[in-house]
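Visitor: Sharing a structure with you now.
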Ligand SMILES: NC(=O)c1ccc[n+]([C@@H]2O[C@H](COP(=O)([O-])OP(=O)(O)OC[C@H]3O[C@@H](n4cnc5c(N)ncnc54)[C@H](O)[C@@H]3O)[C@@H](O)[C@H]2O)c1
């Protein structure tokens, strides 16, 4: 059945992309977009820029580029801003992050030098390994959130933006459990005034964004918008939100492989994953409390994909371990090893070994771009609350209460593309091959 499609406001004017945190991921994303705009390099890894979408029957041969199919903001219309606890402009921060070569950064040196972070809302209680002096002071957490709202309004005014989105690219905070003060926006706001410890800095950015009507994506495993209070606020104010934890590196590999093993009904005894990385993210994750946030986000994946309750003979007894080791010489160029113990016919054991020499921020940058553009599209299309169709980008996808998250990357991609088809009133594609029955 062909649907009517949804009325989508045109992406007129400039779109601000605000990142709390201007470290490796944020600067690789910004420098990359600026370079691509100048014709230096291609947006590899970005679905919004390079992806296509099949429409109608296979015989119709209709596969436009996604960016020609849905009205997305143009790269030329993006304006970058953000906050950090260090005062370095985006050029100096990109050099320090050491992801891109100096020659590549120098191509966009002037533009990067113009991008200066705003002072952060930060508390070392939530990121134990960091301390910086470029931080806001306020009489309580509500006051700090109000200062962030002022920053957003000023940024929009100064750059004459028509809209903005926020993508968290800040550090991983310590593991926080859901708390009573997270259960409603009324309790949450009261807790902000009382400086309650269950309100982390990342939540203040998210609160400020949603109050300003700005979509928010959570690139870290922080609890942030994964709480009823901020989800309620997002629904009430018609703001799209998404999260959490960019799906790059090792978890990306896991969500490629695990659905394949399950599809062929191959069993799994154990999956041991370990990493070495030496960037600031690695240093922050060296703290057990920040690592705990990451661990929880990484561990859920297998359980959800393999469904041990449905396949007890294959997956009810899996030993799954994830380790991250801070190893400075490696910088941003992480190495991730997986040892996977599987079993086949009559229970005979086999092993798979992966050694992924990846570049974390190179994998994360296109995700930041896609999330910014898709969240803006969602807002112009009247979508609000949790954007489950963006699960494709996250290690630990947020879902409505009582639903389980979808981790299988191919189902996630189908859901994403079907959402785009739905927006444009095109037939949804189930890959059922119904033409055989015609
Ligand atoms: N690179 C990847 O593949 C990947 C994948 C998944 C998640 N992530 C997450 O993305 C985030 C960014 O990663 P990165 O490699 O750029 O780390 P990074 O350490 O290079 O950058 C993070 C920046 O955030 C700043 N910061 C910390 N707390 C802040 C606050 N409250 N307000 C403003 N700024 C703050 C830090 O000073 C730092 O400059 C991390 O949480 C990381 O876990 C990265």
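The values are calculated or read from the model by the stated rules, or taken from the named source; none is laboratory data. Because the structure is a prediction, the values reported are computed rather than measured. Every residue, glycine as well, gets a Cβ built from its backbone with ideal geometry; the counts of neighbours run over all protein chains shown.
Residue by residue, here is whether (1) outside the structural domain of residue 70 (by TED's automatic domain parsing); (2) surrounded by fewer than 19 Cβ atoms within 10 Å (Cβ to Cβ) holds:
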residue: 325; (1), (2): yes, yes
residue: 330; (1), (2): yes, yes
residue: 334; (1), (2): yes, no
residue: 346; (1), (2): yes, yes
residue: 371; (1), (2): no, no
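Visitor: Another one. Does residue 397 satisfy the condition of being closer than 16 Å to residue 47 by Cα and either touching a strand residue (DSSP E or B) at 6+ places or on another chain (Cβ under 8 Å) or in contact (Cβ under 8 Å) with a residue 12 or more places away in the chain (or both)?
Guide: no
Visitor: Return only the number of the condition from (1) surrounded by 17 or more Cβ atoms within 10 Å (Cβ to Cβ); (2) away from the ligand (no atom under 14 Å from the Cβ) that residue 341 does not satisfy.
Guide: Exception for residue 341: condition (1).
Visitor: Picking from 350, 383, which residue would you name as being in a loop (DSSP other than H, G, I, E, B) and modelled with pLDDT of 95 or more?
Guide: The unique qualifying residue is 383.
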